[in-house]
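Here the structure comes first, spelled out in structure tokens, and everything after it is commentary.
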Amino acid sequence: MHSVERTGQEPTVICVHGYCQSSFYWLPTLDRLAAEGARCSAVDLPGFGASATEPGPYTMEGLADALGRMLDAQGIAKIALVGGSMGGVVAQHFVLRHPARVERLLLVATGAYTADPAGALAKADVVEAAAWDEETVAPMVKGFFRQPPSESQQKRYCSIALAASQQAAAAAGRSNARSRTLGRLGEIKVPTLIIQGRHDRARTPKHGAEMRDRIAGARLEILEESGHTPQLEQPSEFHALALPFLLGRK
């Protein structure tokens, strides 16, 4: 599995991207963590980004286990885990499947279930059947942000989406739609911070509150000017919350 790494000291922070995204979405976070001396990396999950040719299964559980194998290969025993959007779902499955490996958990713009699973499954069918081109992924990318990105940014984000395997995109979309961790969140025993965007239409503050209420000691923060990608939409505000938490300072 491809990853972008920054060397440093413990804790090791691992960032996991969302649906049809890549490690690129976490590069500013890596730079800020590295400036604080932390060892950190952002992965490209199997089927996405530079890991597009990696084999599946492209399920939330399968992607979580692939992350575990990567950590084994790198000799990393314990991590602070960050997951955004679908990556937050993968992160939930990872900590539930490998609880001893996670010291801190940051969930961003995510939830413990899909509000409209039938609709999400239908979208996955469309992804599988459509031409895999910019026309298909552009509406998806637009939904990542409250304010539309610039034309050059939009093209970059679309190119990242199109780097994904179409098969992986369809399979992961179906698995994400069916995933439901809500009833197991009480098993998560590590310090947990949840950050949601006020204007996120996919994973709302309500989803964040439901997770907070089921994870003992979890904290929920809402970024008022963000949509589905708060680390890029409000980077200063996001990192003022995230970095102290991940570095064990708060």
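The values are calculated or read from the model by the stated rules, or taken from the named source; none is laboratory data. Predicted model only: the values in this text are computed from it and were never measured. A quick note on method: Cβ atoms are made from the backbone with ideal geometry, for glycine too, and the neighbour counts reach across all protein chains shown.
Looking at Glu187, Glu221, Glu233 in this structure, which one is buried (at least 18 other Cβ atoms within 10 Å of the Cβ) and more than 21 Å from Gln21 (Cβ to Cβ)?
Within the list Glu187, Glu221, Glu233, the selection yields Glu221.
So Gly208 fits all but one of (1) part of a loop (DSSP other than H, G, I, E, B); (2) of a type in the set (Gly, Ala, Ser); (3) touching a strand residue (DSSP E or B) at 6+ places or on another chain (Cβ under 9 Å); what number is the exception?
Of (1) part of a loop (DSSP other than H, G, I, E, B); (2) of a type in the set (Gly, Ala, Ser); (3) touching a strand residue (DSSP E or B) at 6+ places or on another chain (Cβ under 9 Å), only one is false for Gly208: (1).
So, in region 40-60, of the ones that are touching a Ser or Thr at 6+ places or on another chain (Cβ under 8 Å) and assigned to a helix (DSSP H, G or I), which residue ends up nearest to Val102 (Cα to Cα)?
My answer is Met60.
Which residue, of Arg203, Arg180, Arg219, is touching a residue at least 24 places away in the same chain (Cβ under 8 Å), touching a strand residue (DSSP E or B) at 6+ places or on another chain (Cβ under 6 Å) and closer than 22 Å to Leu45 by Cα?
Arg180
Of the numbered conditions (1) of a type outside the set (Gly, Ala, Ser); (2) closer than 24 Å to Gln167 by Cβ; (3) at pLDDT below 95, Phe48 fails exactly one; give the number of that condition.
Phe48 satisfies every listed condition except (3).
Is it the case that some residue within region 102-113 is in a helix (DSSP H, G or I) and surrounded by 18 or more Cβ atoms within 10 Å (Cβ to Cβ)?
no
So how many residues does region 165-219 have that are more than 26 Å from Glu233 (Cα to Cα) and among the polar types (S, T, N, Q)?
Result for region 165-219: 6.
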